């Protein structure tokens, strides 16, 4: 990625792909240089947004691509902390030693 503005745009596009549940776009954007640990407003990372939306496949993909599961928001919440309790499948993904992409 070139300029800071281009990098910011790629990172914001990554967050949009995450919230829209677009796995292919997430993989493509990260491959092109988007930061899987980019922190937006209030230090929310793509992983926080994926957990909030309940997108288990995106969570798994981000973890496989190197997302840091230990990054905190400004109010000191880990990504799994933004989950609705019905989204327990994502908790399971966080407990995997080696996350894998779904085939």
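The values are calculated or read from the model by the stated rules, or taken from the named source; none is laboratory data. Predicted model only: the values in this text are computed from it and were never measured. Glycine gets a Cβ as well: all are built from the backbone with ideal geometry, and neighbour counts include every protein chain shown.
Can you say whether residue 101 is at pLDDT below 65, touching a helix residue (DSSP H, G or I) at 6+ places or on another chain (Cβ under 7 Å) and part of a loop (DSSP other than H, G, I, E, B), as far as the supplied structure shows?
Values: at pLDDT below 65: yes; touching a helix residue (DSSP H, G or I) at 6+ places or on another chain (Cβ under 7 Å): yes; part of a loop (DSSP other than H, G, I, E, B): yes.
The answer is yes for residue 101.
Looking for whichever is farther than 18 Å from residue 74 by Cβ and not in a helix (DSSP H, G or I) here; the options are 34, 39, 17. Which one fits? If you could, list the steps in order and put the result at the bottom.
Values: 39 fails: farther than 18 Å from residue 74 by Cβ; 17 fails: not in a helix (DSSP H, G or I).
Exactly one of 34, 39, 17 is farther than 18 Å from residue 74 by Cβ and not in a helix (DSSP H, G or I), namely 34.
Is it the case that region 67-77 has a residue that's modelled with pLDDT under 95, part of a helix (DSSP H, G or I) and surrounded by fewer than 20 Cβ atoms within 10 Å (Cβ to Cβ)? First the steps, then the outcome.
Taking region 67-77 first, the residues modelled with pLDDT under 95 are 67-77.
In the following step, the residues that additionally are part of a helix (DSSP H, G or I) were identified as none.
No, every residue in region 67-77 fails to be modelled with pLDDT under 95, part of a helix (DSSP H, G or I) and surrounded by fewer than 20 Cβ atoms within 10 Å (Cβ to Cβ).
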